[in-house]
Amino acid sequence: MKTAGGTDAAKRRAGERAAEEVDNGDVVGLGTGSTTAYAIDAIGEAVSDGLEVQGIPTSFQSRQRALEASIPLTDLDAVETVDLAIDGADQVVDDPDASGYGALIKGGGAAHTREKLVDAAAERFVVVADPSKLADRLERSVPVEVIPDAHTVVADRVQDLGGEPTLRDAEHKDGPIVTDNGNLVLDCAFGPISDPNELATQLSRIPGVLEHGLFVDCADVTYVGLEEGVETRV
Ligand code: 5RP
């Protein structure tokens, strides 16, 4: 599991704070990554104490973690409502005066397509982060999931938009990362992103793009875990 950036203590605090929002009977979207894993573990502990919830995992990884935590699982198409979703982020716009305040870059775990589906379906979307994720502007590479046949043409279109695409490789074996959906990921460097909403619209228009990792106007609250305590952004 990816743990780069931020301390485990900060991630744990954020995850555990988010898990406190889960009520009896809730359907909960379970995001992917090391910070959300702490939320999943905390929900699992509450389940063992009698809390009744159903989880909707956003990746193979979060499904495994939820199974280990003995959280009953369901699917998006089997429920009428997703009460809340808890998910991490790779970068969060933290400047209230910036265009796109609260916008996120996600997809460090290549799970952003299912994450966006579940997070957007939720009545409440709770983001968990540590201070290393906060920025005045988004500037990390934007992960873009593409169907395999489309990766070169999408890369060309990303360059037309001023981005520098890199096909994400597996770290310890030859070949590209393949997502849970059987697709590839282009990490697209645009430098500082002044208008996340506009870039999100442009990326969505490219044929062959399944989903990109810009999450704009999605989050209801962000819990930022600190070495001591948790800060809340709304
Ligand atoms: C996976 C994600 C993760 O939520 C994001 O990469 C943050 O991960 P972590 O909590 O491990 O830093 O978007 O696709």
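All of the numbers you see were taken from the coordinates with simple rules; none came from a lab. Predicted, not measured: the structure shown is a model, and the values here were computed from it. Here the Cβ is made from the backbone with ideal geometry for all residues, glycine too, and neighbour counts use every protein chain on show.
In table form, for the structure just shown:
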{"quantity": "From GLU164, GLU171, residue being of a type in the set (D, E, K, R) and under 25 Å from TYR38 (Cα atoms)", "calculated": "GLU171"}
{"quantity": "Those residues of segment 76-102 which are at positive phi and either within 16 Å of the ligand (Cβ to nearest atom) or surrounded by fewer than 19 Cβ atoms within 10 Å (Cβ to Cβ) (or both), in sequence order", "calculated": "GLY102"}
{"quantity": "Residue list for segment 100-120, filter: touching a helix residue (DSSP H, G or I) at 6+ places or on another chain (Cβ under 7 Å) and over 22 Å from LEU184 (Cβ atoms)", "calculated": "GLY100, ALA103"}
{"quantity": "Residue satisfying all of: in segment 184-195; without any contact (Cβ under 8 Å) to a residue 60 or more places away in the chain and not in a strand (DSSP E or B); surrounded by the fewest Cβ atoms within 10 Å (Cβ to Cβ) among these", "calculated": "PRO192"}
{"quantity": "Long-range neighbours under 8 Å by Cβ, at least six apart or interchain, first residue free of Cβ contacts under 8 Å to residues at least 24 places away in the same chain within segment 88-114, second not in a loop (DSSP other than H, G, I, E, B)", "calculated": "TYR101/VAL93"}
{"quantity": "Matching strands (runs of 3 or more DSSP E) fully within segment 105-180 where at least 3 residues are within 10 Å of the ligand (Cβ to nearest atom)", "calculated": "122-129"}
{"quantity": "Near pairs, Cβ below 7 angstrom, 6+ apart or cross-chain, from segment 145-165 (farther than 21 Å from ILE105 by Cα) to any residue that is of a type in the set (A, V, I, L, M)", "calculated": "PRO148/LEU184"}
